[in-house]
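Notes to accompany the following structure.
The values are calculated or read from the model by the stated rules, or taken from the named source; none is laboratory data. Computed from a predicted model, the values in this text were never measured in an experiment. Neighbour counts are summed over all protein chains in view; Cβ atoms, including those assigned to glycine, are modelled from backbone coordinates with ideal geometry.
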Ligand code: HEC
């Protein structure tokens, strides 16, 4: 019984996430969110998207590109940069 319940909760949760992703984010923002969660934890914890304004994010992302290059890590390409920025801008302060 516990297992069945857990299964139902998991399915409901997954469906909720999908719906939220569809409703709240554009395709570009959703890609950006995934990239942000995958790439921005390499050196430190994920920052809160609402800690900066849209413009501050742009400048900070440019600095992070430099940090990645200095660490011999491939920086975000142009499209990825735009995606991450679009996501952060949508959640910015
Ligand atoms: C190669 C390592 C590295 C990666 C990858 C990285 N950062 Fe950073 N980040 C740093 C370093 C180092 C600092 C400390 C500030 C400085 O010297 O640049 C920092 C600081 C920050 C800060 C704090 C700035 C402040 O004023 O407190 C934020 C926000 C941030 N990073 C966001 C990001 C985001 C968003 C990404 C993904 C696009 C990212 N970082 C990826 C190295 C990295």
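Which residue out of 34, 89 is more than 9 Å from the ligand (Cβ to nearest atom), at pLDDT 95 or above and either touching a helix residue (DSSP H, G or I) at 6+ places or on another chain (Cβ under 7 Å) or outside any helix (DSSP H, G or I) (or both)?
Every option except 89 fails the conditions.
Filter the range 68-81 for residues that are in a helix (DSSP H, G or I) and surrounded by 15 or more Cβ atoms within 10 Å (Cβ to Cβ); which is nearest to the ligand (Cβ to nearest atom)?
68
Considering every residue within the range 43-57, establish whether at least one is surrounded by fewer than 12 Cβ atoms within 10 Å (Cβ to Cβ), in a helix (DSSP H, G or I) and more than 10 Å from the ligand (Cβ to nearest atom).
yes
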